[in-house]
């Protein structure tokens, strides 16, 4: 077993050496870091080609015709036809509209926004890898250069100052990795910026489609308020009224009180009326309450002044009247 593993290792190393010898001379002069740069460039190339295919496929789909037909069907309250138009093409905007239409008559805002975020995340797949390559490739190139310079100075210290041409040649070879790292970063930077601009355009497009859909829903009353429906149902059950009402039917009415009120949907007018029997009862109650208030006031007055003080006040008033009558007779 040990012999087999040794043979496999020797065979693998020989294959690697053969591959390295077949590589260009400048690649061999860059050192081990060049292999890491080769792997990163390979990954960036795969992601770039795959994203280019996805975006080209998206732009070749003419989704403006199904979008127009979908909005036209919604304006006519034809929900089934609108769904059929959304299912014609597999694009983020049409799929978002499909989720929004399926959510009607309830508010589709949260459902559409969450699906739009999922679509944007799916279309931006691979951009994080390109961003990593843009940052990592120059750093790997600088690392290869530093390692090459260290090797050159080590050889200089061993051979002495007489062999400067070999040291300068080693430094020149070390700079190859820096150039390769910058080249790989530039190749990843161009598609990364292109894909990011496409993501921004897609985000704006989804926002505009969602805004137009919300406008149609509110204009055509395709969205109902769930809380108002529940409150209306509870009110109908409380007062024993039928569940369905027209816009001119009474919404609220109290007949158990001495008065009842009613108002109509679509207007701020409130009508208040008092029953005849309750009106008489209120009049009788008000008279009794006034009599009680008067008697309480008299009792309070008697308690405040006392019996003797009241009589004294009446005598003073009588005397004052007699004096006025006497003065009038004398004036005549």
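Nothing in this text is a laboratory measurement; each read-out follows from the coordinates by a stated rule. Note that the coordinates shown come from a computational prediction; the quantities given were computed from them, not determined experimentally. As a convention, Cβ positions derive from the backbone with ideal geometry for all residues, glycine included, and neighbour counts pool all protein chains shown.
Observations, loosely collected:
- Cα pair count fraction exceeding 27 Å, expressed as % - region 26-219: 51 percent
- Net length available on complete extension from residue 104 to residue 120 is 3.4 nm, with 0.36 nm assigned per residue and the Cα-Cα distance removed.
- Additional length obtainable on full extension of the chain from residue 218 to residue 199, 0.36 nm per residue less Cα span: 4.0 nm
- Taking region 26-219 and dividing mean pair separation by its residue count, relative contact order in percent (alpha carbons under 8 Å, at least six apart): 31 percent
- Using a simple spin-label model with pseudo-atoms 7 Å out from Cα toward Cβ, residue 64 and residue 186 lie 3.7 nm apart.
- For region 88-175, alpha-carbon Rg relative to the globular expectation (2.2 N^0.38 Å, N residues): 2.36
- Scattering curve values for region 37-129, log₁₀ I(q)/I(0), Debye with Cα scatterers, q = 0.21 Å⁻¹: -1.02
- Legend: calculated FRET efficiency, residue 57 to residue 15, from the Cβ-Cβ distance at R0 = 56 Å, rounded to 0.05, equals 0.90.
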